[in-house]
Amino acid sequence: MNHIPHILLIEDDTGLAANLREVLDDEGFQVTLCTRGDEGLRRATNNDCDVVLADLRLPGMGGLELLRQLHAAQPRLPIVLMTAHGTIETAIEATKLGAYDYLQKPFEMPELIGLLHRATDAGRLMREPVALTAGAPSTRAALVGTSRAMQDVCKEIGRVAAKPVTVLIRGETGTGKELIARAIYHHSDRAKAPFIAINCAAVPENLLESELFGHERGAFTGAEQRRIGRFEQANHATLFLDEIGDLPPSTQVKLLRVLQQQTFQRVGGTETIAVDVRVIAATHRNLEAMIREGRFREDLFHRLNVVTIQLPPLRERRGDIPLLVQHFLKKYAAEFGGESPAVSADALAVLQADSWPGNIRELENVTRRLLLAARGLSIGAEAVRQTLAARTSDTTPPANSLPALVGALLARAQRGELHDAHAQVLAEAEREVITQSILLARGNQAKAARWLGLSRFTLREKLKQLGLHPGQHEEP
């Protein structure tokens, strides 16, 4: 069954609390409400929650003291603070003490929802351990495979995890670089401290330096308050810089200084801030070629390249494909609430013969599609061929595929083979958009329903009608 994120809401304003609870319930979160800081500390310490959302001013125990005690007891638990304008400086200090982030009242609900989703993902990365042994397929995050290449990767993780060195993870897109970074983190001496991750390619270039190092008030247009950056948040912890090859030159200079001196300055600031951060970086780019072209600093490369872990592409470890398929089937069958279907030897042979340009990520997506299409039955070679063919046709522009579908149905209608071409087009389109939304949302009906503009009840009914694991998507 897909995990429903659990939010512990600590807010003494009953009107705001009721409004927040309603919005978060509709978003698909499970919400527990406390009205006192001391009660919230007790519940967060004793109960399993994914994120704490707390006001800074609370009866029984203030938000700052709540943060101090809770962060000391559960350093991997993301804590988001809500604060009025008059306490913004305190909230910034709270971020230094370990708060995941803060929101200034009044805030927009989409801003809060986006922040809680990011905090939930960050907490999952910290709490979900990565298994290094192949073993039997599991729903846990794991480095799956018995090939010599994967054995070498696991040995390298074991050698470097506990050492205070910078690690550069290299490999093609989709090979699992983030999983390696998390494995290093979980087996390091900083495993009880936070794991802060940032994708350098996903942040706009003009905001990346502020995201990494923070900024002072007035540093640039829109900088209305001081902001704490990821390096400051990761003090005494681990910072994962994904897609390091996408750093702009100006940010490369500042990153080099941090790696050399363990100090930096916020954007627009003059204060020198010392930090103790263990950096793990990853890239799919050819950094040596970028150095020759003048797009990546050679001195930064040598600072990052203290230890390198090279991940093999899937086409070089085809023997691991059966184990990976079983792992993904078990994982998503559990999330969708069904049983993991059997896979024929012929089907596995077809999968092993593919080139997998998207590597493990592509195999994972194909396996999810096979699981949805199987409807509880075994997976054969023909189902695999059809899914792989559909995957290839996904690259065709949508403008081409819809006319082709309409043309084929109208041709059948012209031959007298069907008499409801209009209904068939609508049914096929609905099936495709619902299937893709459920895949993209990883089985989370609340997310898929929101994207589609449907209620969760309507989506559940349509899933049953379309035969997409009928009755197995029900949420607890």
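The values are calculated or read from the model by the stated rules, or taken from the named source; none is laboratory data. Just so we're clear, the structure is a prediction, and the values are computed from it rather than from any experiment. We place every Cβ from the backbone using ideal geometry, glycine too, and count neighbours over all the protein chains shown. Calculation scope for accessible area: heavy atoms of the full protein, side chains included, ligands and nucleic acids excluded. Shrake-Rupley method; radii C 1.70, N 1.55, O 1.52, S 1.80 Å.
For Thr95, the shell of other residues with beta-carbons less than 10 Å away shows a net charge of 0, using +1 for Lys and Arg and -1 for Asp and Glu. Taking θ as phi - 60° and the Karplus parameters 6.51, -1.76 and 1.60, the scalar couplings of segment 422-427 work out to 4, 5, 5, 4, 4, 5 Hz in sequence order, x denoting glycine and proline. Taking amide H positions as modeled 1.01 Å from N, with prolines and chain starts lacking one, the residues under 5 Å from Cys34 and 5 or more places away or on another chain are Leu9, Ile10, Glu11.
Per-residue 3J(HN,Hα) values for segment 221-238, derived from phi via the Karplus relation 6.51 cos²θ - 1.76 cosθ + 1.60 with θ = phi - 60°, read 4, x, 7, 7, 9, 4, 10, 8, x, 5, 5, 5, 5, 8, 4, 6, 9, 10 Hz in sequence order (x marks Gly and Pro).
Rounded to the nearest 20, the size of the Cβ-charge dipole of segment 183-278 about its Cα centre is 280 debye, with Lys and Arg at +1 and Asp and Glu at -1.
Report the calculated FRET efficiency for Ala390 and Ala201 (r = Cβ-Cβ distance, R0 = 30 Å), to the nearest 0.05. The pair Ala390/Ala201 has a calculated efficiency of 0.60. Here the label points at Val406 and Glu430, each 7 Å from Cα along the C-beta direction, are separated by 1.9 nm in the simple model.
For the peptides 448-461, 419-432, 358-371, residues were scored by their other Cβ atoms within 10 Å and the scores averaged per peptide; the highest-first order is 358-371, 448-461, 419-432. Approximating the spin labels as points 7 Å out from Cα along Cα→Cβ, the Phe107-to-Asp189 distance works out to 3.6 nm.
Kindly work out what percent of the DSSP beta bridges joining two residues of the chain are antiparallel, to the nearest 5. If I count the DSSP bridges inside the chain, around 5 percent turn out antiparallel. Taking all protein chains into account, the per residue accessible area for the chain stands at 46 Å² (1.4 Å probe). Shown in residue order for segment 51-60 are the 3J(HN,Hα) couplings computed by the Karplus curve 6.51 cos²θ - 1.76 cosθ + 1.60 at θ = phi - 60°: 8, 9, 10, 10, 6, 6, 10, 9, x, x Hz (x for Gly and Pro). Residue ranking by accessible heavy-atom surface, 1.4 Å probe, largest first, among Thr14, Thr308 comes out as Thr14, Thr308. Between 0 and 90 degrees, the angle of helix 109-127 with respect to the longest Cα principal axis of the chain falls at about 90 degrees. Net charge of the neighbourhood of Met126, taken over other residues with C-beta under 12 Å away and scored Lys/Arg +1, Asp/Glu -1, is +3. Alpha-carbon geometry of the chain: the Rg and the Dmax are 24.6, 79 Å, given in that order. Relative to the longest principal axis of the Cα atoms of the chain, the long axis of helix 37-46 lies at roughly 50 degrees.
Compared with the dominant Cα axis of the chain, that is its longest principal axis, helix 456-466 is turned about 30°. The gain in end-to-end length when the Ala413 to Asn19 segment is fully stretched comes to 136.6 nm, 0.36 nm per residue minus the alpha carbon separation.
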